[in-house]
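Before any comments, here is the structure.
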Amino acid sequence: MRQYAILRTQKLKTRTKITAAAGHNLRLRQQSNIDSSRTKLNEILFNSLDVDVARAASLQDRLTEFYASFGIKERKNNVLMMEFVATASPGFFKGKSIEQIGKWALDQVQFVKNEFGQQLKLAVLHMDETSPHIHFMVSTEIKSLKRYKNQKGEFHKETWSLNADRYDPDFLVGLQDRFAEHNKKWNLIRGVRGSMRKHVPMKKFYRAIDLAMQTDYKPKIDELVNNVEMSLGERLSMQVVRRKIREFLMPYINLFAKQQKAAAALAKLDFHRLQEEIIADRNKLKAGLAEVDARREVYKEAINGRSSDYQAIESLTVKNQKLEAELARMKRKYESDDAVMPVQPGLISGKNLPR
């Protein structure tokens, strides 16, 4: 069975979110989805800000001090930190010892260090949830050189700011590629490239489970039963009961049965194959659009060429018409002069003849 390397990310734009993330990552608040007997196996793998792991607000306090040391002026909607979660398919961890999982975890830390360098600020391994995973907290400071001139000449000044623009879709796709390549040694593979599947936060998943488990159909059935009316002269028999069930309860039972059939059919669908087919169709569509664009450029050049040829022909036609008109005018002038040219006196007189 294929096992996948999984890497998720989210942007943290407020200190409240950073503190909430720290509270979760450092296990400073109670959560229903953790096995408290295994919490002792959790481990701080990296802590370059020397965060106080007993205080949730310590992370954002240390981060503020860190940014202030660079003279960074925070702006509205700045991304203060990026949080990454690295894990793998649940089957990958089956049968692995704590030491083996620890080696895998340290290898993931090395990958994040290679990608983000000193921007990695905190890494925490969780062993007390369904699957082991690591939370990475990454800062967003960037350095730039600012040019300025004064009377003494031109100079460059080093400035720092917060910027998470690099985390666009293209970068994140490439990051997933590199993450999968790094984890080949663990026999983990990349998920489907271009997948539209979204990660559902655990708190939403548990909320949905709780809602489903709390669904109580008894009030609805009681309501339907209460609507069953018996006439005064009607004898209560099995035949009457069956008829009443058909009249009042069967529509609701049929609806529920249809819902169950639909759910069962939905569960049988091969979503992975369907997803691959959709991606393949989308790629074909992109290729078709690219071909249309290419042909459009060719047609455009051809049309422009024909347009230029037409303009040249039109210009030559006008010039030709002018030349024809000028030739006709000169022809009329000189042919007319030859026809009526006068004879000057003395040209044929006897004194001009040779003796």
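Could you please give the count of residues in segment 27-51 that are within 21 Å of Tyr67 (Cβ to Cβ) and open to solvent by less than 70 Å² (accessible area, probe 1.4 Å)?
5
Yes or no, residue by residue, for (1) β-branched (Val, Ile, Thr); (2) buried (at least 16 other Cβ atoms within 10 Å of the Cβ); (3) within 18 Å of Asn25 (Cα to Cα):
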{"site": "Gly91", "(1), (2), (3)": "no, no, no"}
{"site": "Gln100", "(1), (2), (3)": "no, no, no"}
{"site": "Trp104", "(1), (2), (3)": "no, yes, no"}
{"site": "Gln118", "(1), (2), (3)": "no, no, no"}
{"site": "Val124", "(1), (2), (3)": "yes, yes, yes"}
{"site": "His133", "(1), (2), (3)": "no, yes, yes"}
{"site": "Lys146", "(1), (2), (3)": "no, no, no"}
{"site": "Trp160", "(1), (2), (3)": "no, no, no"}
{"site": "Ala164", "(1), (2), (3)": "no, yes, no"}
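May I ask you to list the residues in segment 67-86 that are assigned to a loop (DSSP other than H, G, I, E, B) and out of contact with any helix residue (DSSP H, G or I) (no Cβ under 8 Å at 6 or more places or on another chain)?
Phe70, Gly71, Ile72, Lys73, Arg75, Lys76, Asn77, Asn78, Val79
Hey, can you tell me all the residues within segment 117-154 that are more than 23 Å from Lys94 (Cβ to Cβ), within 26 Å of the chain's Cα centre (by Cα) and among the hydrophobic types (A, V, I, L, M, F, W, C)?
Scanning segment 117-154 gives Leu120, Leu122, Ala123, Phe136, Met137, Val138, Ile142.
What residue, among those in segment 1-26 that are of a type outside the set (Gly, Ala, Ser), open to solvent by less than 40 Å² (accessible area, probe 1.4 Å) and assigned to a strand (DSSP E or B), is farthest from Leu49 (Cα to Cα)?
Top of the filtered list is Leu7.
Answer yes or no as to whether Val79 is closer than 30 Å to Thr159 by Cα and in contact (Cβ under 8 Å) with a residue 60 or more places away in the chain. Walk me through how you get there before you give the answer.
Details: closer than 30 Å to Thr159 by Cα: yes; in contact (Cβ under 8 Å) with a residue 60 or more places away in the chain: yes.
Yes, satisfied.
Given the conditions (1) surrounded by 10 or more Cβ atoms within 10 Å (Cβ to Cβ); (2) free of Cβ contacts under 8 Å to residues at least 24 places away in the same chain, which single one is not true for Phe179?
Unmet condition: (2).
Could you tell me whether any residue of segment 55-64 is within 30 Å of Gly191 (Cβ to Cβ) and either open to solvent by 70 Å² or more (accessible area, probe 1.4 Å) or touching a residue at least 60 places away in the same chain (Cβ under 8 Å) (or both)?
Within segment 55-64, the first condition is being within 30 Å of Gly191 (Cβ to Cβ), and the residues that meet it are 59.
If we keep only those that are either open to solvent by 70 Å² or more (accessible area, probe 1.4 Å) or touching a residue at least 60 places away in the same chain (Cβ under 8 Å) (or both) too, we end up with 59.
Yes, the conditions are met somewhere in segment 55-64.
Check Gln108 against each of (1) of a type in the set (S, T, N, Q); (2) open to solvent by 20 Å² or more (accessible area, probe 1.4 Å); (3) assigned to a helix (DSSP H, G or I) and name the one condition it does not meet.
With respect to (1) of a type in the set (S, T, N, Q); (2) open to solvent by 20 Å² or more (accessible area, probe 1.4 Å); (3) assigned to a helix (DSSP H, G or I), Gln108 is out only on (2).
The values are calculated or read from the model by the stated rules, or taken from the named source; none is laboratory data. From a predicted model like this one, the values you see are computed outputs, not experimental measurements. Glycine gets a Cβ as well: all are built from the backbone with ideal geometry, and neighbour counts include every protein chain shown. Side chains are part of the model used for accessible areas, which takes the heavy atoms of the whole protein and leaves out ligands, DNA and RNA. Shrake-Rupley method; radii C 1.70, N 1.55, O 1.52, S 1.80 Å.
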